[in-house]
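Shown next, in structure tokens, is the structure this report addresses.
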Amino acid sequence: MAGGCRGRGEEPLLTYFNPEHALSLRYPSSWKTEQAQQDGVWYRYFLAPPGPERKPPVSVTLIAGPLGMGIDQYAQTYLAGNTVLSSRDESRQGAKGRFYLFASADGKTRSALLLLEESAASRVGLPPTPAPRPSPSTTAAGAAGASLTVRPSPTPIPTVAPPDQATPSAYVYGLYAQGEASAFATQLPLVEEMAKSLTLERPAQYEEERNQRFGFVLRVPPSWRSTRSFSSGGTYLHQYTSPALGVDKQQTVHASMTLTAEPVVGDGSVDGYYAATMAKLGDTVVALSHAPWRGGYVDLLHSETPVAVTRGKRYYRVAGGRGYTLACDARDDVFSRVSRWCDMIAGTLEVGPEVGAAGGGAP
């Protein structure tokens, strides 16, 4: 785990990650967040702290789902009857679209809309789209970790039911922000920052770390910061820190990911390497689950000390006389927010002959 903070008076921004559509978004730590799904379209609401009328002055909704029409036509379901104030082209990780600012006919409400279109081919390797639910009645964790009962959106959100087809040809992602005109004007810089932060997390586009000497390739999201790297003898270690996942007394809470490559002792098998590695972890670490993973193993671990409760995953592989451990750790209360992101990153780990097959790369 790692901690940090922003400048005095500046509210920390947290990162939300959605594993089904592989999206990430930054949002203010004081905002509540809740989830719903309807007519095959998935939503995540981000609600500003309530104002004097005890309702959010501004809401921002993250949208994802199959696109059953052209993206311009889809945009009209939001823009119709409103006055478009400005628009511009946008792109994210190969997906293209537009960003709009618009006002209601009476000028009392202001809105922003970002829509991006991605082909189904670009989603290859991602989980299938979740099955539609009959109503938005799920429960989601709030920004501070509290459980929130999902309510209907605080502002009406026009939707278009996707066509009844097994494999949509395209998907739409976006943000829809709305609020009373004066409140929206105050929050517009933050809305723009949230829109800018929307990222399609596509592992094939992550920058790779290729290390021929230690025989591995790993692709890591640009939002995960490289914080430590060293090699000694036949052992190599590289550590990364996630973006902020939670906040505690204005200190941001992060996950850590550490890749270790080291010689395998004993019979050189993955079972021998796994046993030796687990022995080094000590008695404070308990394996909650253990399963095969890409010729090796993956464990879900729990650790409790007088100062912290930690949950983590360990991914183990062996190739060419070396053992590889990819360790993802976070504070227990934020681990669920990053666990499947760790799975996605771990899926890019190539070792031994897999690295040779790719060719090239720096030593």
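The values are calculated or read from the model by the stated rules, or taken from the named source; none is laboratory data. Just so we're clear, the structure is a prediction, and the values are computed from it rather than from any experiment. Neighbour counts are summed over all protein chains in view; Cβ atoms, including those assigned to glycine, are modelled from backbone coordinates with ideal geometry. When the accessible area is computed, the model is the full protein with side chains, heavy atoms only, and any ligands, DNA or RNA have been set aside. Shrake-Rupley method; radii C 1.70, N 1.55, O 1.52, S 1.80 Å.
Considering the range 13-64, the residues that are out of contact with any Ser or Thr (no Cβ under 9 Å at 6 or more places or on another chain) and of a type in the set (S, T, N, Q) include one that is least open to solvent (accessible area, probe 1.4 Å), namely T33. Would you mind stating whether E192 is modelled with pLDDT of 95 or more, under 21 Å from the mean Cα position of the chain (by Cα) and open to solvent by 20 Å² or more (accessible area, probe 1.4 Å)? Against the criterion (modelled with pLDDT of 95 or more, under 21 Å from the mean Cα position of the chain (by Cα) and open to solvent by 20 Å² or more (accessible area, probe 1.4 Å)), E192 qualifies.
Could you name every one of the strands (runs of 3 or more DSSP E) located completely within the range 65-132 that has at least 1 residues being hydroxyl-bearing (S, T, Y), open to solvent by 30 Å² or more (accessible area, probe 1.4 Å) and without any contact (Cβ under 8 Å) to a residue 60 or more places away in the chain? Qualifying strands (runs of 3 or more DSSP E): 83-92, 109-119.
Within the range 220-232, does at least one residue satisfy the condition of being assigned to a strand (DSSP E or B), touching a residue at least 12 places away in the same chain (Cβ under 8 Å), more than 23 Å from A330 (Cβ to Cβ) and open to solvent by 30 Å² or more (accessible area, probe 1.4 Å)? Checked the range 220-232: at least one residue is assigned to a strand (DSSP E or B), touching a residue at least 12 places away in the same chain (Cβ under 8 Å), more than 23 Å from A330 (Cβ to Cβ) and open to solvent by 30 Å² or more (accessible area, probe 1.4 Å). Here G352 fulfils each of the conditions (1) over 18 Å from the mean Cα position of the chain (by Cα); (2) modelled with pLDDT of 95 or more; (3) closer than 21 Å to P203 by Cβ apart from (2). Going through (1) in contact with a Phe, Trp or Tyr (Cβ under 9 Å, 6 or more places away or on another chain); (2) acidic (D, E); (3) within 23 Å of L245 (Cβ to Cβ); (4) open to solvent by 10 Å² or more (accessible area, probe 1.4 Å) one by one, E10 falls short only on (1).
Yes or no, residue by residue, for (1) touching a residue at least 40 places away in the same chain (Cβ under 8 Å); (2) basic (K, R); (3) closer than 30 Å to S24 by Cα:
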site: F216; (1), (2), (3): yes, no, yes
site: L259; (1), (2), (3): yes, no, yes
site: V264; (1), (2), (3): yes, no, no
site: D283; (1), (2), (3): no, no, no
site: T310; (1), (2), (3): yes, no, yes
site: L326; (1), (2), (3): yes, no, yes
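Within the range 242-262, none of the residues are of a type in the set (V, I, T) and touching a Phe, Trp or Tyr at 6+ places or on another chain (Cβ under 6 Å). Report yes if F216 is of a type outside the set (A, V, I, L, M) and closer than 20 Å to T348 by Cβ, otherwise no. When the stated conditions are applied, F216 passes them.
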